[in-house]
Amino acid sequence: MEEWDEVEVPNNVKDIFVEMKNTAELMVDLAYSAALFKEKEMAEEVLELEEYLDILNYHLMVRAVLAASRSLKEAEKITSILQMAHSIDEISNAAADLAKMVLEEKIHPLITEVILESEETIGRVAVSPNSILVGKTLEELDLPTNTGVWPLAIRRGKRWIFDPEEDTKIMPGDIIIGRGTKTALEYLKEIARGVIKVMPNE
């Protein structure tokens, strides 16, 4: 866990809880996509997120104990949050188990068949330093219109940006997690790698 020591964690129970929810949702999406395409890199992202969620859960419990020590009323309020946090943790564990199955190549064909019923999927896009995406905001890029991919999150080193704002700039080395068709995601990957040098709107 030492590599996570410098990660900023929200400083109140509500924000930590929201961050846990967002993390678990992304883990589920990534785990299903990893299973569908047998992408081990995406499965590894799920396990990275599991570590992050464990840290969030620890900080939530610490702050919950501090809040509960103030009064019985506060303790009653915190109990329901801890119960929901436990449920989120269980969901994230299930996503991590699916990711481990991908890494160990133990995915049953039935799982892939079920996931294939959805036209859209989740993809992992690595941004190279020479990509035209670098230095531009999501508003400028308008990825949904120009590529058909909706950015769900961005990983920047050990930091995760969930539901990135329009003024979020893309940086070299960013990992964009996006939702779209397989064709749209492959197109964005070509742009992110620097193979395609011009956006459709330019």
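The values are calculated or read from the model by the stated rules, or taken from the named source; none is laboratory data. This one's a predicted model, so the numbers in the text were calculated from it and none came from an experiment. Cβ coordinates were reconstructed from backbone atoms using ideal geometry, including for glycine residues, and neighbour counts include every protein chain displayed. Heads up: the accessible areas ignore ligands, DNA and RNA and are worked out on the full protein's heavy atoms, side chains in. Shrake-Rupley method; radii C 1.70, N 1.55, O 1.52, S 1.80 Å.
Being over 15 Å from the mean Cα position of the chain (by Cα), β-branched (V, I, T) and modelled with pLDDT of 85 or more is the filter here, so list the residues in region 86-141 that pass it.
V102, V127, I132, V134, T137
Could you check region 134-143 and list, in sequence order, the residues that are touching a Pro at 6+ places or on another chain (Cβ under 8 Å) and not β-branched (V, I, T)? Break it down stepwise before answering.
First, the residues of region 134-143 that are touching a Pro at 6+ places or on another chain (Cβ under 8 Å): 134, 138, 143.
L138, L143, listed by residue number.
Considering each of D15, D29, D54 in turn, give the residue that is over 13 Å from the mean Cα position of the chain (by Cα), closer than 15 Å to F162 by Cβ and not basic (K, R).
Values: D29 fails: over 13 Å from the mean Cα position of the chain (by Cα); D54 fails: closer than 15 Å to F162 by Cβ.
Criteria check complete, one pass: D15.
Taking only region 187-200 into account, find how many residues are surrounded by 14 or more Cβ atoms within 10 Å (Cβ to Cβ) and farther than 15 Å from L141 by Cβ.
Going through region 187-200 one residue at a time, the tally reaches 1.
One residue is enough: does region 24-32 have a residue meeting the conditions of a type in the set (V, I, T) and either modelled with pLDDT under 85 or open to solvent by less than 40 Å² (accessible area, probe 1.4 Å) (or both)?
For region 24-32, residues of a type in the set (V, I, T) and either modelled with pLDDT under 85 or open to solvent by less than 40 Å² (accessible area, probe 1.4 Å) (or both): absent.
For residues that are without any contact (Cβ under 8 Å) to a residue 60 or more places away in the chain and assigned to a helix (DSSP H, G or I), scanning just region 173-185, find the one that is most open to solvent (accessible area, probe 1.4 Å).
So in region 173-185, the residues without any contact (Cβ under 8 Å) to a residue 60 or more places away in the chain come out as 173-174, 176, 178, 183-184.
After this cut, where a residue has to be assigned to a helix (DSSP H, G or I) as well, the list is 183-184.
Values: T183: 110, A184: 12 Å².
Ranking the candidates gives T183 first.
Give the residue, chosen from E19, E39, E50, that is in contact (Cβ under 8 Å) with a residue 12 or more places away in the chain, in contact with a Ser or Thr (Cβ under 8 Å, 6 or more places away or on another chain), open to solvent by 20 Å² or more (accessible area, probe 1.4 Å) and closer than 18 Å to H86 by Cβ. Explain how you work it out, then say what you get.
Working: E19 fails: in contact with a Ser or Thr (Cβ under 8 Å, 6 or more places away or on another chain); E39 fails: closer than 18 Å to H86 by Cβ.
Just one listed residue meets the conditions, E50.
Got a number for residues in region 130-153 being over 15 Å from T168 (Cβ atoms) and touching a residue at least 60 places away in the same chain (Cβ under 8 Å)? Show your work before the answer.
Applying the first criterion (over 15 Å from T168 (Cβ atoms)) to region 130-153 yields 130-132, 145-148.
Narrowing the set further to residues that are touching a residue at least 60 places away in the same chain (Cβ under 8 Å) leaves 130-132.
The total comes to 3.
Which residue is nearest to M20 (Cα to Cα), if the candidates are limited to region 144-171 and must be open to solvent by 70 Å² or more (accessible area, probe 1.4 Å) and in a loop (DSSP other than H, G, I, E, B)?
Applying the filter and picking the extreme gives D163.
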